[in-house]
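Visitor: Take this structure, written in structure tokens, and hold onto it; I'll ask about it next.
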Amino acid sequence: MTVTITRAGEPIGSGAADDDYDVTVVGAGVVGTAIARELARYRLRTALVEASHDIGNGTSKANTAILHTGFDADPDSLEARLVREGRHLLAAYAAESGIPVERVGALLIAWDEEQLALLPKLLAKAERNGYHAARMLGAGELAAREPHLGPGALGALEIPDESIICPWSTPLAYATQAVRAGVHLHLDCRVRHIADAGGSHLLTTSRGPLRTRYLVNAAGLHADEIDRHFGHDGFTVTPRRGQLIVFDKLARELVGHILLPVPTAAGKGVLVAPTVFGNVLLGPTSEEIDDKSATDSTADGIDFLREKGRRILPALLDEEITAVYAGLRAATGREDYRIQEYPALRYVAVGGIRSTGLTASMAIGAHVTGLLAGTGLELGAPRALPPVDLPNVGEAFPRPYRRADLIAEDPAYGTLVCHCEQVTLGEIRDALHSTIPPGSPDGLRRRTRAGSGRCQGFTCGAAVRALYEEARP
């Protein structure tokens, strides 16, 4: 199958009516790529359109990287159902495609009597969500399980199946598999207008027109803007900024579980969690803002996180900080997903996907494909997708620099370029020549971890940049 990825010129599908795509998915985050991957199972002419120069470059890249069980979701919500279904699908998919996942478990910690009284209710909610492994821990057992926890913790609810996952490898795997199966990926292609074209949608994009019979709106922060092209005013996306602090890998021994606060209406609150890369994460903040591009970190946000972290895990504040960053969530004022089909318009809107969307992504892909079929799209018989096997970037599994077999076969896997993250020349070369190569040095960093360590590329940055420039077409 020919791989079609375009970054310039008019997107294919702009000519006569018989050039129309069957389906176009707007937005190549984790949800949009999951939908495109699911559609790739059918003999359809499918396009995946992304405004940015890379996939997963919006809200997906700053996800808190937890593979949720859905224990605390509203049991009657669409989110609860799709998270329940999606976590099993993604766990199995990760194992076969090379996405790093670690089952570390979570502890939902009560710091006062009011929170302690809520834990039995959360346990009951977990049961209603079909999750039966949760159990209560007293203060003594909690202290034994997490000896570096701050003073004053009264008890916890243990959720042993909560896991950590690489948030970037997931959309990359989906998109790679989709384009290998024939989905056309158009990057740097922002949708500016949508009009009816007599049985098709005519999309005016930053790179020219594109026609499609069916349209899926998975535009994340901009989903409300796409929706309004159809005359709808059903929801407004309000960016919710989440700032996070990444601590050095030396802090990893301080924490064994994902440490969660008792959730509030604003979200799950500030957590402390290990990452699959060996770091420790503290965050996020939860700030409703107006600017959909405001991903800057602030002194107030970092001070807030440090104050919270000092209560949860005091010794963490003595460790070195590797990085701070911020991401935006697509909040819509309703604590459930907004997935709605419009049969007369041959259109499905996928809005209000919170951070749980990473866990639910494969179930969302199947759900949206079912809605498209309900609106009249003929799917035909499904087919097997070409396999995908991503290079491992997680610390719990053997990295290339530790594999004598790989190094004996190709010495480039024994040549370190980034010494902080132990990224080899072979891994960087592979990423630069992969099915979906990076569109920027930052994209190369996400694919390999080169420059993500404690020196943040101070030592290897020039060499990595030179390799990137050398490989550019």
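The values are calculated or read from the model by the stated rules, or taken from the named source; none is laboratory data. Quick caveat, the model's predicted, so the values are computed rather than measured. Virtual Cβ from ideal backbone geometry, glycine too; neighbours counted across all protein chains shown. Please note that ligands, DNA and RNA were not included when accessible areas were found on the heavy atoms of the full protein model with its side chains. Shrake-Rupley method; radii C 1.70, N 1.55, O 1.52, S 1.80 Å.
Visitor: Out of the range 448-473, which residues are part of a helix (DSSP H, G or I) and open to solvent by less than 20 Å² (accessible area, probe 1.4 Å)?
Guide: Result: Thr448, Val464, Tyr468.
Visitor: List every residue pair whose Cβ atoms sit under 7 Å apart, with the two residues 6 or more apart in sequence or on different chains, where the first one lies in the range 97-118 and is under 22 Å from Ile66 (Cα atoms) and the second, anywhere, is hydrophobic (A, V, I, L, M, F, W, C) and open to solvent by 40 Å² or more (accessible area, probe 1.4 Å).
Guide: If the second residue must be hydrophobic (A, V, I, L, M, F, W, C) and open to solvent by 40 Å² or more (accessible area, probe 1.4 Å), the pairs left are Pro100/Ala396; Pro100/Phe397; Val101/Ala91; Glu102/Ala396; Ala110/Leu116; Ala110/Leu154.
Visitor: I'm told Gly242 meets every condition in (1) within 21 Å of the chain's Cα centre (by Cα); (2) open to solvent by 40 Å² or more (accessible area, probe 1.4 Å) except one. Can you identify the failing condition by its number?
Guide: (2)
Visitor: Going through the range 274-317 one residue at a time, which ones are β-branched (Val, Ile, Thr), in contact with a Gly (Cβ under 7 Å, 6 or more places away or on another chain) and touching a residue at least 60 places away in the same chain (Cβ under 8 Å)?
Guide: Val276, Thr295, Ile312
Visitor: Do you know which residues across the range 217-230 are in a helix (DSSP H, G or I) and in contact with a strand residue (DSSP E or B) (Cβ under 6 Å, 6 or more places away or on another chain)?
Guide: If the condition is that a residue be in a helix (DSSP H, G or I) and in contact with a strand residue (DSSP E or B) (Cβ under 6 Å, 6 or more places away or on another chain), then Gly220, Leu221, Ala223, Ile226, Asp227 are the ones that fit.
Visitor: Related question: Taking the criterion of being out of contact with any strand residue (DSSP E or B) (no Cβ under 8 Å at 6 or more places or on another chain), of a type outside the set (A, V, I, L, M, F, W, C) and either open to solvent by less than 60 Å² (accessible area, probe 1.4 Å) or within 22 Å of Gly220 (Cβ to Cβ) (or both), would at least one residue in the range 287-295 satisfy it?
Guide: Yes, that holds for at least one residue.
Visitor: Just one of the numbered conditions (1) in a strand (DSSP E or B); (2) over 22 Å from the mean Cα position of the chain (by Cα); (3) surrounded by fewer than 24 Cβ atoms within 10 Å (Cβ to Cβ) is not true of Leu203; which one?
Guide: Single failed check for Leu203: (3).
Visitor: In this structure, does Val191 turn out to be open to solvent by less than 10 Å² (accessible area, probe 1.4 Å), closer than 27 Å to Pro11 by Cβ and of a type outside the set (Gly, Ala, Ser)?
Guide: Here the answer is no, as Val191 does not meet what is asked.
Visitor: So which of Pro151, Pro160, Pro171, Pro147 is touching a residue at least 12 places away in the same chain (Cβ under 8 Å) and open to solvent by 20 Å² or more (accessible area, probe 1.4 Å)?
Guide: Pro160
Visitor: OK, next. Just to be sure I understand, how many residues within the range 261-284 are within 19 Å of the chain's Cα centre (by Cα) and either small (Gly, Ala, Ser) or closer than 18 Å to Trp111 by Cβ (or both)?
Guide: Matching residues across the range 261-284 total 10.
Visitor: Residue by residue through the range 353-387, note down the ones that are modelled with pLDDT under 95 and β-branched (Val, Ile, Thr).
Guide: Scanning the range 353-387 gives Ile353, Thr356, Thr375.
Visitor: How many of the residues in the range 364-391 are under 30 Å from Val280 (Cα atoms) and either open to solvent by less than 30 Å² (accessible area, probe 1.4 Å) or over 20 Å from the mean Cα position of the chain (by Cα) (or both)?
Guide: Residues meeting the conditions: 3.
Visitor: Given (1) assigned to a helix (DSSP H, G or I); (2) open to solvent by less than 10 Å² (accessible area, probe 1.4 Å), where does Tyr413 come up short, assuming only one miss?
Guide: (2)
Visitor: Right, next: Starting from residues that are of a type in the set (D, E, K, R) and either under 14 Å from the mean Cα position of the chain (by Cα) or farther than 25 Å from Gly105 by Cβ (or both), keep the ones in the range 46-76 and report whichever is most open to solvent (accessible area, probe 1.4 Å).
Guide: Within the range 46-76, the match that is most open to solvent (accessible area, probe 1.4 Å) is Asp76.
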